[in-house]
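K.L.:
Before anything else, here's the structure in question.
The values are calculated or read from the model by the stated rules, or taken from the named source; none is laboratory data. Model, not experiment: these values are computed from the prediction. Neighbour counts are summed over all protein chains in view; Cβ atoms, including those assigned to glycine, are modelled from backbone coordinates with ideal geometry. Calculation scope for accessible area: heavy atoms of the full protein, side chains included, ligands and nucleic acids excluded. Shrake-Rupley method; radii C 1.70, N 1.55, O 1.52, S 1.80 Å.
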Amino acid sequence: ETWIPSGNPAMVDVSPSPPSRINYPLAIAALLVIGVISILPSFLYRAIFLVIASLVFAWVSHHPARLPNYTKKAGSKKSTIHDRFRMDKVPEGLDCIVIGSGMGGLTCGAILARTGKRVLVLEQHTVAGGSTHSFDFKGYRFDSGLHYTVPWSGPLFTLTCLRPPDKVPQFRLMGMDDGTFDRIFLGDDKEPFDVKHGETHLKKLYEMFPEEKKAIDEFLRMSDAAMAAVKFFVFSKLLPLWMQPYFWKLVPTRYKEALNSTAVECLKKVTTNKRLSSILCGLWIDTGARPDLASFMLTGSVFRGLALEGACYPSGGPESLPEALTPIITAAGGRVLTRALVNRIITTTEGGKTRAIG
């Protein structure tokens, strides 16, 4: 049922902010800087990102008054990610309500809580965590979604939690002794195609398809552009909405093609070999969408990026991630409640601005 929390209702602005006066020289300078950073070699891009993240971490760490007390015990793991909804559990004086407790929702809630906001996260499932939750079946523990991620998840998650690295889940490289971290089976194949760290599987790919060397080379070139397109996409989200169309006009066409074309469309341009195409799209499930629906930026980046960066698994399993985020929200006076189905959002319009009130 729809409800309005007691005390001060959560006022969440859902309308776009009125545009401020545009400083055109500053806007052009920002576009140029972002464009230059986006086309830097990977090692420089990572170095700049690491420096910026370190500065942010250092600044926030020196403002403890704005952060919750992390030494406060938030209860057992069961109480934080299996906290069933009841009206008397809803905190007074909410600042924000987040619908959904996946990594996106919990991350937003944790960041808001770190700035002193009292946040309520509502989850319709019986457990918080979205695709990171786990379940038991016939005496075994299974992951519902996340089965590996990339090494960058480590420092990013540490920054989100704002806790020492040894106090949050660790992300270590996973795989077999030969570097295999995933396997692709096609049809009735008895032998899988092993995807390995460092892309050492490419040698086998060329051996399997000697007549498709040019096609594989072109795929590698296209996927390089796809991985670079990820940087452009991320940077575009840091810009105001009015600036984004101008930014994309500056982006070379080859990067935009990776965003605007599906994997199937791109691969049809380089090969007619369905078996090769199937292997190159073999990790499509990691994107959450089929190759004929997902952009080539996703499919190409997953097949290449995971092998280049390395596949990692969080210590304690994926469920350790929501277990680390929920105490941050509760320590600031918020709550993460499960079995909380949201039927509709109540809004009000005042002075031409629409806001959610419950």
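K.L.:
Taking a virtual spin label 7 Å from the Cα of Val150 along the C-beta vector, which residues in region 300-320 bring their backbone nitrogen under 20 Å of it?
P.N.:
300-315, 318
K.L.:
Okay, next question. Based on the mean of other Cβ atoms within 10 Å per residue, sort peptides 273-280, 342-349 so the most packed one is first.
P.N.:
Numbers: 273-280: 18.0, 342-349: 11.0.
For the peptides 273-280, 342-349, the packing ranking is 273-280, 342-349.
K.L.:
My understanding is that a pair violates if its Cα-Cα distance is over 18 Å; which of Lys214/Lys274; Lys231/Lys274; Lys231/Lys256; Lys167/Lys231; Lys213/Lys274; Lys213/Lys268 do that in this structure?
P.N.:
Details: Lys214/Lys274 15 Å; Lys231/Lys274 30 Å; Lys231/Lys256 12 Å; Lys167/Lys231 29 Å; Lys213/Lys274 15 Å; Lys213/Lys268 15 Å.
Beyond 18 Å between Cα atoms: Lys231/Lys274; Lys167/Lys231.
K.L.:
Right, here's the next one. So, in Å, what gap is there between the alpha-carbon centers of region 128-142 and region 280-358?
P.N.:
A separation of 17 Å, based on Cα centres.
K.L.:
If Cys312, Cys96 are ordered by their accessible area, calculated over protein heavy atoms with a 1.4 Å probe, which sequence runs from highest to lowest?
P.N.:
These residues rank, largest area first, as Cys96, Cys312.
K.L.:
Based on the Cβ-Cβ distance of Glu265 and Glu211, what FRET efficiency does E = 1/(1 + (r/R0)^6) give at R0 = 22 Å, to the nearest 0.05?
P.N.:
Plugging the Cβ-Cβ distance into 1/(1 + (r/R0)^6) gives 0.45.
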